[in-house]
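What follows is a short report on a single structure.
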Amino acid sequence: MSYLRAIHPKRSGGELAGVQVCCPGKVNLFLSAGSPTSDGYHPLTTVFQAVNVHETVIASVRDHQTSVTMSLESPNPSVPTDESNLAVRAALLFKKRYGITQGVHLHVDKKIPAAGGMAGGSADAAATLRACDALFNSEASLEDLESLARELGADVPFLLTGGVALAEGRGDLITPLTTDMELTWVLAFQREGLSTPAVFREFDRLHDGREELTPAAMPEPLIKALREGDIDLLADSLCNDLEQAAINLHPDMAETLRLARSSGALAAMVSGSGPTVAALVTGPEQARSVQTLLETLPQVAGTMIVHGPVAGAHVEN
Ligand code: C5P
């Protein structure tokens, strides 16, 4: 199938306009990992929930250039703005796939902590794909964008749609789950981030010498809890196979988890590959008391009360 066709950037009043896209981060309600396959990736059974901490990407056309450039608002000065940034790679991939010659500038406002286990970089990439689609009127289908997303990273396809979804394969094969249940979380961001590959390597080290691991099958109790709005069953069904590996690499997190679990929260877990800790609470009142407690810990850089599910990457202007 050829993706090449006449594509013209979105204009407003004759001016080349910027497209603003907002994309949420995620927590994993369930994450079961198997032994790595020959490509180094781990087969997963995971359930993602998109939560309302958002990245914003503004994409605009640079008519007299061909490259992709990026500017960044971020509390973390180590986030790169060159081709090692996933958002820049997303724009380059989109340009290549759709035969776009003009340059693109991306302005990214980061609110999701980098290297926090909440897919901040993947959210930038998902937002960039949506923004480029709108900017160049490419009318890509969701399947087209998902196939680009899959080339960029395992978490990127989910963030295009958001909500709650079961994900298999590398975490990139998405089956949306319907639920009326709204969850409130207190997130505790740690001062130091964690590298996802390093956490998976530690997971492998912990299982070295044991038999071949396969990821768990469908997490039926969790799916039932989501369907029936059963918060106690949901709290009991949260699971993250990467938790111990993340704690080994970031021992301070154990104390954050302990305090979150003794704070009255329904449950607490590591988000994805960590080190963000997510405490599930009954509502805003309990959220504030858990937040106050977690903020007393020196290793906690900040906290945030969020809710999910929320929509994935969407155009705002
Ligand atoms: O797909 P993404 O680039 O986000 O993954 C980052 C790294 O995390 C991969 O290079 C791989 O080391 C590890 N990973 C994995 N198995 C997965 C997802 C990610 O081993 N299912």
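The values are calculated or read from the model by the stated rules, or taken from the named source; none is laboratory data. Quick caveat: nothing in here was measured; it's all calculated off a predicted structure. Ideal geometry is used to build each Cβ from the backbone, glycine not excepted, and the neighbour counts take in all protein chains shown. Note: areas computed on protein heavy atoms with side chains; ligands, DNA, RNA excluded. Shrake-Rupley method; radii C 1.70, N 1.55, O 1.52, S 1.80 Å.
Candidates are the residues of the range 263-278 that are among the small types (Gly, Ala, Ser) and more than 17 Å from the chain's Cα centre (by Cα); the one that is most open to solvent (accessible area, probe 1.4 Å) is 264. Residues in the range 227-274 that are closer than 21 Å to residue 43 by Cβ and charged (D, E, K, R): 241, 243.
Beta carbons closer than 9 Å, at least 6 apart along the sequence or on distinct chains, never pair a first residue in the range 199-215 that is not assigned by TED's automatic domain parsing to the domain that holds residue 271 with a second that is within 9 Å of the ligand (Cβ to nearest atom) and β-branched (Val, Ile, Thr). So, in the range 263-301, how many residues would count as being in a helix (DSSP H, G or I) and touching a helix residue (DSSP H, G or I) at 6+ places or on another chain (Cβ under 9 Å)? Final tally of qualifying residues: 3.
For the range 139-148, the candidate set comprises residues that are under 18 Å from residue 104 (Cα atoms) and modelled with pLDDT of 95 or more; within that set, the residue that is surrounded by the fewest Cβ atoms within 10 Å (Cβ to Cβ) is 140. Please verify whether residue 164 is open to solvent by less than 10 Å² (accessible area, probe 1.4 Å), under 15 Å from the mean Cα position of the chain (by Cα) and within 10 Å of the ligand (Cβ to nearest atom), treating the condition exactly as stated. In short, no.
Taking the conditions (1) touching a residue at least 40 places away in the same chain (Cβ under 8 Å); (2) surrounded by 17 or more Cβ atoms within 10 Å (Cβ to Cβ) in turn, residue 316 satisfies each one other than (2). Out of 216, 260, one residue alone is more than 20 Å from the chain's Cα centre (by Cα) and part of a loop (DSSP other than H, G, I, E, B). It is 216. Taking the condition away from the ligand (no atom under 16 Å from the Cβ) and not assigned by TED's automatic domain parsing to the domain that holds residue 48, does residue 256 pass? It is true that residue 256 is away from the ligand (no atom under 16 Å from the Cβ) and not assigned by TED's automatic domain parsing to the domain that holds residue 48.
Taken as a whole, the structure places residue 104 among residues that are more than 19 Å from residue 310 (Cβ to Cβ) and either away from the ligand (no atom under 11 Å from the Cβ) or surrounded by fewer than 20 Cβ atoms within 10 Å (Cβ to Cβ) (or both). Figure legend. Inter-residue proximity from the range 63-84: first residues among the hydrophobic types (A, V, I, L, M, F, W, C), second residues open to solvent by 50 Å² or more (accessible area, probe 1.4 Å) and not in a strand (DSSP E or B), beta-carbon distance below 6 Å, spacing 6+ or different chains. Indicated pairs: 68/92; 70/81; 72/81. Note on the range 226-257: among residues that are assigned to a helix (DSSP H, G or I) and of a type in the set (D, E, K, R), the one that is surrounded by the fewest Cβ atoms within 10 Å (Cβ to Cβ) is 232. Scanning the range 18-39 for residues that are in contact with a Lys or Arg (Cβ under 9 Å, 6 or more places away or on another chain) and surrounded by 24 or more Cβ atoms within 10 Å (Cβ to Cβ) turns up 21, 23, 25.
Just checking, which of 192, 151, 202 is part of a helix (DSSP H, G or I) and either more than 11 Å from the ligand (Cβ to nearest atom) or crowded, with 19+ Cβ neighbours inside 10 Å (or both)?
202
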